[in-house]
1. Of G70, G59, G75, which residue is open to solvent by 20 Å² or more (accessible area, probe 1.4 Å), modelled with pLDDT of 95 or more and either hydroxyl-bearing (S, T, Y) or in a loop (DSSP other than H, G, I, E, B) (or both)?
2. Scan segment 229-265 residue by residue and report those that are surrounded by fewer than 16 Cβ atoms within 10 Å (Cβ to Cβ), assigned to a helix (DSSP H, G or I) and either over 21 Å from the mean Cα position of the chain (by Cα) or free of Cβ contacts under 8 Å to residues at least 12 places away in the same chain (or both).
3. So, in segment 239-294, how many residues would count as being within 14 Å of ligand 1 (Cβ to nearest atom) and more than 25 Å from Q324 (Cβ to Cβ)?
4. In contact (Cβ under 8 Å) with a residue 12 or more places away in the chain, within 9 Å of ligand 1 (Cβ to nearest atom) and in a helix (DSSP H, G or I): is that true of I124 in this structure?
5. Given the conditions (1) on the phi < 0 side of the Ramachandran plot; (2) at pLDDT 95 or above; (3) more than 16 Å from ligand 1 (Cβ to nearest atom), report the number of the one that G20 does not fulfil.
6. How many residues does segment 300-332 contain that are open to solvent by less than 100 Å² (accessible area, probe 1.4 Å), more than 19 Å from S286 (Cα to Cα) and of a type outside the set (K, R)?
7. Answer yes or no as to whether G294 is touching a residue at least 60 places away in the same chain (Cβ under 8 Å), touching a Cys at 6+ places or on another chain (Cβ under 9 Å) and under 23 Å from L39 (Cα atoms).
8. Quickly run through segment 80-109 and pick out the residues that are part of a helix (DSSP H, G or I) and open to solvent by 60 Å² or more (accessible area, probe 1.4 Å).
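The values are calculated or read from the model by the stated rules, or taken from the named source; none is laboratory data. The shown structure was predicted, so the numbers you read here are calculated from the model rather than taken from an experiment. All Cβ positions, even for glycine, are placed from backbone atoms using ideal geometry, and neighbour counts span all protein chains on display. Heads up: the accessible areas ignore ligands, DNA and RNA and are worked out on the full protein's heavy atoms, side chains in. Shrake-Rupley method; radii C 1.70, N 1.55, O 1.52, S 1.80 Å.
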Amino acid sequence: MEEVPLLRGSNCRAKGAAPGFKVAILGAAGGIGQPLALLMKMNPLVSVLHLYDVVNTPGVTADISHMNTGAVVRGFLGQPQLENALTGMDLVVIPAGVPRKPGMTRDDLFNINAGIVRTLCEGIAKCCPKAIVNVISNPVNSTVPIAAEVFKKAGTYDPKRLLGVTTLDVVRANTFVGEVLGLDPREVNVPVVGGHAGVTILPLLSQVNPACSFTSEEVNHLTSRIQNGGTEVVEAKAGAGSATLSMAYAAAKFADACLRGLRGDAGIVECSYVASQVTELPFFASKVRLGRSGVEEILPLGPLNEFERAGLEKAKKELAQSIQKGVTFINK
Ligand SMILES: NC(=O)C1=CN([C@@H]2O[C@H](COP(=O)(O)OP(=O)(O)OC[C@H]3O[C@@H](n4cnc5c(N)ncnc54)[C@H](O)[C@@H]3O)[C@@H](O)[C@H]2O)C=CC1
Ligand SMILES: O=C([O-])CC(=O)C(=O)O
């Protein structure tokens with residue numbers, strides 16, 4: 001290959017990053033990380049984009065950095081570069097960790113991903129304790145409590161700044177409901193509460209916007225398809241991983257909402273798995289209002305019908321165990 005004559009960075013006329021937010025993606029070379037990096041590089045609110053992984057970030061960074069959008073992209077490879085990747089960040093998105101294969105539950109990923117999330121959150125506590133943190137790594141029902149315990153130990157915990165990403169459940173619910181009702185999925189908004197695994201994923205079909213009604217056959221079909229959306233993709237990929245492209249879309253949408261909140265935009269409401277008093281459980285996914293300090297308000301669940309109340313009881317039982325498992329992992 002012919003060598004490109006180098007002009008040193010310091011000799012370029014660029015003035016450095018424009019105003020905007022600094023965002024890090026941890027696990028940026030993965031199935032989710034790469035398309036998420038692409039989408040964040042396209043986000044005009046992002047001025048600096050740090051891509052961290054234990055493999056392949058130089059290539060991903062070189063590739064993404066050629067896009068003629070505003071964000072300055074920098075790559076970081078391996079644990080020794082984690083601190084530089086995190087220093088000064090406003091938002092840290094974590095899709096690091098192993099995905100499911102057919103026949104596995106999300107909880108089967110706990111043994112590997114719990115340790116990965118712990119290490120990354122220790123870095124966040126040290127280098128950017130005020131950053132908003134979006135946790136994607138599964139099992140989210142346990143990895144968010146793990147992150148909270150790491151931050152508590154470090155003395156940096158702010159429950160408003162720690163958010164589990166459940167946006168893909170809402171994205172799927174909007175798509176599937178749109179299909180059943182013959183509506184544009186962009187016009188549909190389905191609250192999905194509880195958590196992010198099996199029966200803990202609780203779509204509130206009685207609260208769909210625009211107001212609509214379903215037959216009990218439709219309710220059963222939609223609830224089951226939304227709860228098993230992840231498994232549908234895992235089986236279709238037949239051993240090659242789980243949802244990556246729809247997840248990157250969902251994560252980019254959620255990160256954008258967090259950044260608009262940080263900027264001070266009003267009325268930003270998203271579902272997310274957060275520290276909560278909506279139920280007796282310490283963590284629960286529901287609609288939250290995002291603002292300059294992260295989660296500024298947790299909205300009430302609203303009226304549930306009998307089917308949803310029964311679903312809520314099932315969800316809470318499983319969630320309680322997943323939360324406890326995460327807490328015990330850090331405090332054992
Ligand atoms: N919250 C949600 O709705 C969803 C969550 N997920 C979860 O996201 C995670 C990632 O999924 P994929 O991107 O498909 O997996 P992947 O295996 O394609 O990518 C994961 C990346 O994490 C990196 N990684 C591993 N250990 C690391 C460490 N210590 N520090 C930094 N990076 C590290 C790997 O090198 C790899 O590049 C999985 O746990 C998956 O279950 C997936 C879809 C939806
Ligand atoms: O199903 C999985 O393992 C990945 C995931 O969380 C999802 O697609 O919702």
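1. Details: G59 fails: either hydroxyl-bearing (S, T, Y) or in a loop (DSSP other than H, G, I, E, B) (or both); G75 fails: either hydroxyl-bearing (S, T, Y) or in a loop (DSSP other than H, G, I, E, B) (or both).
Answer to the check: G70.
2. First pass over segment 229-265, keeping only residues surrounded by fewer than 16 Cβ atoms within 10 Å (Cβ to Cβ): 232, 235-236, 238-240, 245, 263-265.
Cutting the leftovers down to assigned to a helix (DSSP H, G or I) gives us 232, 235-236, 245, 263.
Across segment 229-265, the qualifying residues are E232, E235, A236.
3. Residues flagged as within 14 Å of ligand 1 (Cβ to nearest atom) and more than 25 Å from Q324 (Cβ to Cβ) within segment 239-294 amount to 17.
4. Numbers: in contact (Cβ under 8 Å) with a residue 12 or more places away in the chain: yes; within 9 Å of ligand 1 (Cβ to nearest atom): no; in a helix (DSSP H, G or I): yes.
In short, no.
5. The number of the failed condition is (1).
6. The qualifying residues number 6.
7. Working: touching a residue at least 60 places away in the same chain (Cβ under 8 Å): yes; touching a Cys at 6+ places or on another chain (Cβ under 9 Å): yes; under 23 Å from L39 (Cα atoms): yes.
Yes.
8. Step one: filter segment 80-109 for residues part of a helix (DSSP H, G or I), giving 80-86, 106-109.
Passing the criteria: P80, Q81, E83, N84, D107, D108.
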